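**Q** Pasting a structure here, questions to come.
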């Protein structure tokens, strides 16, 4: 990511959206029984595009950045921050440190597998974060974190993984934030299993992948 882009972050008001994604060929291995490898890659690309579009159209977001070891089909105008390969949480901590250094103190973290996400939901999450310092949208099970907004000049220890909802709320309270939790359908629905995939039946792009 260029210094020009980072410099612009300090001069523009709004949140920076961080969207992390692995190498496309390594994503969604749990769908191997229902989708061939090329179809899984196309599924991942389609979901990432949905998240990029929603974030790009959100009124509260002024910059979208992808964290990934590869650019793949990410549009050229969207910066890609290299993933060091240590872990998702390490990559987010490093990216958050860089953004704070350049004056961006509103950060939205979004997974790349939210096919039903909307710009309005991202705006609601960011506005809640601005009110309390921290806002979180959990997954459908209520145990994971499907999106978060952090408004702070302080470092934050990201806790994506098992029981991340509880762990993120604990981290937020350590910052003296009063975390808000939101239940938003487009942010709650991610695709990790064949059952999740079935809920997308009728989507034209999914029919094409299975052809």
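**Q** Look through the range 14-38, keep the residues that are over 20 Å from the mean Cα position of the chain (by Cα) and buried (at least 18 other Cβ atoms within 10 Å of the Cβ), and return whichever of them is nearest to residue 86 (Cα to Cα).
**A** By that ranking, first place goes to 31.
**Q** Can you tell which of 87, 46 is exposed (fewer than 15 other Cβ atoms within 10 Å of the Cβ) and modelled with pLDDT under 95?
**A** After applying the criteria, what remains is 87.
**Q** Here's a follow-up. Of the residues 112, 76, 120, which single one is at pLDDT 95 or above and crowded, with 17+ Cβ neighbours inside 10 Å?
**A** Going through 112, 76, 120 in turn, just one is at pLDDT 95 or above and crowded, with 17+ Cβ neighbours inside 10 Å: 112.
**Q** Mind listing whichever residues of the range 70-87 are assigned to a loop (DSSP other than H, G, I, E, B), more than 17 Å from residue 158 (Cα to Cα) and touching a strand residue (DSSP E or B) at 6+ places or on another chain (Cβ under 7 Å)?
**A** Once the filter is applied, which keeps residues that are assigned to a loop (DSSP other than H, G, I, E, B), more than 17 Å from residue 158 (Cα to Cα) and touching a strand residue (DSSP E or B) at 6+ places or on another chain (Cβ under 7 Å), the range 70-87 yields 71, 74, 78, 79.
**Q** Let me ask another. Considering every residue within the range 39-58, establish whether at least one is within 22 Å of residue 154 (Cβ to Cβ) and in contact with a strand residue (DSSP E or B) (Cβ under 7 Å, 6 or more places away or on another chain).
**A** No.
**Q** A further question follows. Out of 128, 137, 177, report the one residue that is under 21 Å from residue 88 (Cα atoms) and either in contact with a strand residue (DSSP E or B) (Cβ under 9 Å, 6 or more places away or on another chain) or buried (at least 18 other Cβ atoms within 10 Å of the Cβ) (or both).
**A** 137
**Q** What residue, among those in the range 49-69 that are touching a residue at least 40 places away in the same chain (Cβ under 8 Å), surrounded by 17 or more Cβ atoms within 10 Å (Cβ to Cβ) and in a helix (DSSP H, G or I), is nearest to the chain's Cα centre (by Cα)?
**A** Taking the candidates together, the pick is 51.
**Q** Still on this structure, please answer the following. Name the helices (runs of 4 or more DSSP H) wholly within the range 88-175 that hold at least 3 residues that are closer than 21 Å to residue 50 by Cα and touching a residue at least 60 places away in the same chain (Cβ under 8 Å)?
**A** 119-132
The values are calculated or read from the model by the stated rules, or taken from the named source; none is laboratory data. Nothing here was measured: the structure is a model prediction, and the numbers come from that model. When we count neighbours, we look across all protein chains shown, and the Cβ atoms used for this are built from the backbone with ideal geometry, even at glycine.
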